[in-house]
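The values are calculated or read from the model by the stated rules, or taken from the named source; none is laboratory data. The shown structure was predicted, so the numbers you read here are calculated from the model rather than taken from an experiment. A quick note on method: Cβ atoms are made from the backbone with ideal geometry, for glycine too, and the neighbour counts reach across all protein chains shown.
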Amino acid sequence: MKKIIIAIDGFSSTGKSTVAKQLAKALHYVYIDTGAMYRAVTLFALRENLIGENFLHQEKLEQRLHEIEIRFKRNPEKGFAEVYLNGENVEDEIRTLEVSNYVSPIAAISAVRKILVDQQRQMGKEKGVVMDGRDIGTVVFPEAELKLYMTASAEKRAHRRYEELLERGEEVSYDEVLDNVVMRDQIDSSRKDSPLRKADDAIEIDNSSLTLDEQFEKIIALAEEKIKEENE
Ligand code: DC
């Protein structure tokens, strides 16, 4: 049975990871969260004081990129892979609002993108992967058999992210989260290197008013159809 690559792109909090995890589970594919990789680099930069309020030591960060090792290790209890930065499980720490606030400028650095894109291509070379991010269908795997482009209103997305952060015990306001979502949309879609855009052959899914089940039914049907085509 030939496997395919499923590329899922879209703005933050459009439910990419939820659908990607569901798909990976149903198809027995590997889920790769590329945003987690940019977040891990951001956490490294924050810890090493290479980025902070009103400063970014880009050149110093670029010189130290070789010190960063990012790996995914499957957590059987959770049913998906967690991200490790230099051997340390940072799955929770990379999801804080602090990391979210600094990740877009880090993800705009070409030297960072080059390293991470190479690693992502490596992880997908055997196919059988569901990868989500901003540039998967346009840059990482332009030849992916199925490309999805997820959208939802900024308010809806901020609401989801706000609920998630509250659940994790972070003290944040809805307005702070909305500001972060809008700021990242702006930087992620206007940066020079690999801005977020819908690939011409991507299927757009607006999930503002779809339930999780409705969305999954729609998407798994698309995936099964593609897999069937590939195996004909
Ligand atoms: O999907 P996420 O919100 O965890 O991603 C965090 C940030 O990383 C996002 O604001 C933009 C960046 N990113 C990117 O530039 N390219 C990707 N393939 C994935 C994420």
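Among the residues of the stretch 185-224, how many are under 18 Å from the mean Cα position of the chain (by Cα) and not in a helix (DSSP H, G or I)?
Number satisfying all stated conditions: 14.
Do we have residue 154 as at pLDDT 95 or above and either within 16 Å of the ligand (Cβ to nearest atom) or closer than 18 Å to residue 132 by Cβ (or both) here?
Working: at pLDDT 95 or above: no; either within 16 Å of the ligand (Cβ to nearest atom) or closer than 18 Å to residue 132 by Cβ (or both): yes.
Against the criterion (at pLDDT 95 or above and either within 16 Å of the ligand (Cβ to nearest atom) or closer than 18 Å to residue 132 by Cβ (or both)), residue 154 does not qualify.
Mind checking which residues of the stretch 49-75 are among the polar types (S, T, N, Q) and in contact with a strand residue (DSSP E or B) (Cβ under 6 Å, 6 or more places away or on another chain)?
Once the filter is applied, which keeps residues that are among the polar types (S, T, N, Q) and in contact with a strand residue (DSSP E or B) (Cβ under 6 Å, 6 or more places away or on another chain), the stretch 49-75 yields only 75.
Within the stretch 11-126, considering only strands (runs of 3 or more DSSP E) that don't extend past its boundaries, which have at least 3 residues that are loosely packed, with under 13 Cβ neighbours inside 10 Å?
Values: elements: 30-33, 70-75, 80-85.
Result: 70-75.
Report whether or not residue 203 is more than 15 Å from the ligand (Cβ to nearest atom) and either more than 30 Å from residue 63 (Cα to Cα) or touching a strand residue (DSSP E or B) at 6+ places or on another chain (Cβ under 9 Å) (or both).
When the stated conditions are applied, residue 203 passes them.
Could you please give the count of residues in the stretch 118-129 that are touching a residue at least 60 places away in the same chain (Cβ under 8 Å) and within 13 Å of the ligand (Cβ to nearest atom)?
Within the stretch 118-129, residues that are touching a residue at least 60 places away in the same chain (Cβ under 8 Å) and within 13 Å of the ligand (Cβ to nearest atom) number 4.
Of everything in the stretch 182-200 that's under 17 Å from residue 132 (Cα atoms) and among the aliphatic types (A, V, I, L, M), which residue is farthest from the ligand (Cβ to nearest atom)?
Going through the qualifying residues, I end up with 199.
Scan the stretch 19-48 residue by residue and report those that are closer than 14 Å to residue 95 by Cβ and of a type outside the set (Lys, Arg).
Matches in the stretch 19-48: 33, 35, 36, 37, 38, 40, 42, 43, 46.
Could you check residue 62 against (1) within 16 Å of the ligand (Cβ to nearest atom); (2) under 21 Å from residue 118 (Cβ atoms) and say which number it fails?
(1)
Starting from the stretch 157-183, keep only residues that are closer than 11 Å to residue 101 by Cα, then list their pairs with residues that are among the hydroxyl-bearing types (Ser, Thr, Tyr) whose Cβ atoms are within a distance under 6 Å, requiring at least 6 positions of separation or different chains.
Sorted first by the residue in the stretch 157-183, then by its partner, the pairs are 177/162; 180/100; 181/12.
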